[in-house]
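Asks: Mind looking over this structure? Questions follow.
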């Protein structure tokens, strides 16, 4: 008497060959095509409505039907002739494959099951316990808990909770009368715990979950420490910048983006910027350095403007006098570069320059505070604005670092952020915003 055949599943073998046929888990095939039932073939080839065409199958499929029902077909036979031959066979009473073909099919099925079992056994020995539990759940648990020699009392397996076989493990355990639960342990690894006694299973579950909670707590604490260290590092960098930090005053040269909320309220919100650079201080007509940029000069004219007696002490028609400066012979003038900037502030566009008096050295470290400046520019109506006294067209900078500043432009406080190391190549000329330029522009407006 033949021994019982092994089960088909799990399937590890794709097919076996017996030319011209193959046997797969689905049955006997010819060139990969299965045999269609007689009922289906009759329905397709002899439809109730004559207008219905046969199913659109490739030639090999139609050839496979004839071969799987025991008919020989030449490779050169046309598809239409193959279909006609199958129709003739069905019309002649074809009701199934011949006996010899059925016997071949039974033989191949037996061989397939035996070879599949052999391959299964080879694979089983190479698998880990978790893989065995997933793919061969019942067999694995039977061997572990009911082998009659060294039976397990408790088993913890790391089975993939998202895998298709996850539920099979619990189902196999229930079928064998075992208890099974799932627990989340350290590193969020999911464990399947299986045992004969429920209290043992629950005890192990609690232990694993406590380990998981402890791991999560340590992970959160480490994350908090890391974030605190990052915040401390950021704060140290900020304090370093506030206290001076890296770089020197010369590093403020470049393009700056300016924010001025108070000016936004008085005119539409526009992009404000300053292009800061360093250049030599201005010189007077006789070559001496200017000490004040606030137009604190007096125009003396022959018509009496600027003198009590209406006369003029100068041989020239107009003389620019520096009333607040007395230069001694041999006095050395400071020709160190000073700060300039072309600005676009919305209400005004023009040029500013810092005062020579108490101007910080380019090597000064940050913060560099109270860098006073004068400015000239054109307002929104096109009128040139320049200072006639020391209280107008003024402002100051506080450079917190080489990338941050705050300041006052007339009465408007502003802040700035450096956006480029290179200042704009287009630079205005201070004299473009002088009294003479103002008068020329005023005359031009009057002539319109």
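Asks: Return the residues of the range 161-195 that are touching a strand residue (DSSP E or B) at 6+ places or on another chain (Cβ under 8 Å) and exposed (fewer than 13 other Cβ atoms within 10 Å of the Cβ); say none if nothing qualifies.
Replies: Answer for the range 161-195, where residues must be touching a strand residue (DSSP E or B) at 6+ places or on another chain (Cβ under 8 Å) and exposed (fewer than 13 other Cβ atoms within 10 Å of the Cβ): just 174.
Asks: For the range 410-424, how many residues meet the condition of being surrounded by fewer than 14 Cβ atoms within 10 Å (Cβ to Cβ) and closer than 10 Å to residue 254 by Cα?
Replies: 4
Asks: Working carefully through the options 328, 335, find the one that is under 17 Å from residue 282 (Cβ atoms) and at pLDDT below 85. Let's see the steps before the verdict.
Replies: Details: 328 fails: under 17 Å from residue 282 (Cβ atoms).
Just one listed residue meets the conditions, 335.
Asks: Within the bounds of the range 211-232, is there any residue that is over 31 Å from the mean Cα position of the chain (by Cα) and under 18 Å from residue 130 (Cα atoms)?
Replies: No.
Asks: Looking at 381, 387, 401, can you tell me which residue is in the same structural domain as residue 352 (by TED's automatic domain parsing), in contact (Cβ under 8 Å) with a residue 24 or more places away in the chain, out of contact with any helix residue (DSSP H, G or I) (no Cβ under 8 Å at 6 or more places or on another chain) and not in a strand (DSSP E or B)?
Replies: Residue meeting the stated conditions: 387.
Asks: Can you tell which of 141, 90, 157 is within 30 Å of residue 185 (Cβ to Cβ), surrounded by 13 or more Cβ atoms within 10 Å (Cβ to Cβ), in contact with a helix residue (DSSP H, G or I) (Cβ under 9 Å, 6 or more places away or on another chain) and modelled with pLDDT of 90 or more?
Replies: Working: 90 fails: within 30 Å of residue 185 (Cβ to Cβ); 157 fails: modelled with pLDDT of 90 or more.
Going through 141, 90, 157 in turn, just one is within 30 Å of residue 185 (Cβ to Cβ), surrounded by 13 or more Cβ atoms within 10 Å (Cβ to Cβ), in contact with a helix residue (DSSP H, G or I) (Cβ under 9 Å, 6 or more places away or on another chain) and modelled with pLDDT of 90 or more: 141.
Asks: Is it true that residue 4 is exposed (fewer than 11 other Cβ atoms within 10 Å of the Cβ), free of Cβ contacts under 8 Å to residues at least 12 places away in the same chain, under 30 Å from residue 168 (Cβ atoms) and not assigned by TED's automatic domain parsing to the domain that holds residue 136?
Replies: Details: exposed (fewer than 11 other Cβ atoms within 10 Å of the Cβ): yes; free of Cβ contacts under 8 Å to residues at least 12 places away in the same chain: yes; under 30 Å from residue 168 (Cβ atoms): yes; not assigned by TED's automatic domain parsing to the domain that holds residue 136: yes.
So residue 4 fits the description; yes.
Asks: Residue check: is residue 36 part of a loop (DSSP other than H, G, I, E, B), crowded, with 18+ Cβ neighbours inside 10 Å and in contact with a helix residue (DSSP H, G or I) (Cβ under 8 Å, 6 or more places away or on another chain)? Working first, answer last.
Replies: Working: part of a loop (DSSP other than H, G, I, E, B): yes; crowded, with 18+ Cβ neighbours inside 10 Å: yes; in contact with a helix residue (DSSP H, G or I) (Cβ under 8 Å, 6 or more places away or on another chain): yes.
In short, yes.
Asks: Which of the residues spanning the range 347-363 are part of a strand (DSSP E or B) and in contact with a helix residue (DSSP H, G or I) (Cβ under 9 Å, 6 or more places away or on another chain)? Reasoning before the result, please.
Replies: The initial filter retains those residues of the range 347-363 that are part of a strand (DSSP E or B), namely 348-354.
The answer is 350, 351, 353.
Asks: Another question, then. Can you tell me which residues in the range 45-67 are in a helix (DSSP H, G or I) and within 17 Å of residue 92 (Cα to Cα)? It would help to see each step written out before you state the result.
Replies: Taking the range 45-67 as the starting set, the residues that turn out to be in a helix (DSSP H, G or I) are 45, 59-67.
Those that are in a helix (DSSP H, G or I) and within 17 Å of residue 92 (Cα to Cα): 45, 65, 66, 67.
Asks: List the number of the failed condition for residue 63; all other conditions in (1) loosely packed, with under 15 Cβ neighbours inside 10 Å; (2) at pLDDT 90 or above hold.
Replies: (1)
The values are calculated or read from the model by the stated rules, or taken from the named source; none is laboratory data. Please read these numbers as outputs of a predicted model, since none were measured by experiment. Every residue, glycine among them, receives a Cβ derived from its backbone with ideal geometry; neighbour counts consider all protein chains shown.
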